[in-house]
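For reference, the structure is listed below as structure tokens.
The values are calculated or read from the model by the stated rules, or taken from the named source; none is laboratory data. Only a predicted model underlies this, so the values are computations on that prediction, with no experimental measurement involved. Every residue, glycine as well, gets a Cβ built from its backbone with ideal geometry; the counts of neighbours run over all protein chains shown.
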Amino acid sequence: MVNVGALLGLEPDLVVVAEAGTGDEASASVRRHRPDVAVLDVEMPGRDGVEVAQWVAANEPATRCIILTRRARPGVLRRALAAGATGFVTKSGPATVLADVIAGCTAAAATSTWTAR
């Protein structure tokens with residue numbers, strides 16, 4: 001399995017400030033670090049990435065959420081967007097696509113990014 005945080009850490013204009021393995025850890029990390037962008041796996045244990053994105057939208061609205069998924073199904077996309085996600089990326093794409101989506105989600109030149117695996 002690819003470590004998304006490690007890949008994004010190779011991008012010169014991104015800083016990964018935290019990683020988490022569950023939805024509850026993801027929510028706690030977003031609250032603690034208040035990143036510009038949170039990359040959330042739709043299949044995280046506990047609360048999934050979409051549920052965390054909904055929590056983030058309600059509790060930390062300055063953080064934008066990108067949902068990462070193995071399969072780009074229309075139902076998951078609709079659910080993610082309804083929850084307040086800003087972006088939606090499949091895991092099969094290159095890390096540069098995810099980095100581009102992160103850059104598109106924020107106007108800041110230097111971005112602090114948080115990932116959930």
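Once region 60-107 is narrowed to residues that are of a type in the set (Lys, Arg) and out of contact with any strand residue (DSSP E or B) (no Cβ under 8 Å at 6 or more places or on another chain), the residue that is modelled with the lowest pLDDT is Arg73. From the set of residues in region 48-73 that are of a type in the set (Gly, Ala, Ser) and in a helix (DSSP H, G or I), which is surrounded by the fewest Cβ atoms within 10 Å (Cβ to Cβ)? Across region 48-73, the extreme among qualifying residues is Ala58.
Restrict the check to region 12-35 and report whether at least one residue is out of contact with any Ser or Thr (no Cβ under 6 Å at 6 or more places or on another chain), part of a helix (DSSP H, G or I), surrounded by fewer than 17 Cβ atoms within 10 Å (Cβ to Cβ) and aliphatic (A, V, I, L, M). Checked against the condition, which is being out of contact with any Ser or Thr (no Cβ under 6 Å at 6 or more places or on another chain), part of a helix (DSSP H, G or I), surrounded by fewer than 17 Cβ atoms within 10 Å (Cβ to Cβ) and aliphatic (A, V, I, L, M), region 12-35 yields at least one hit.
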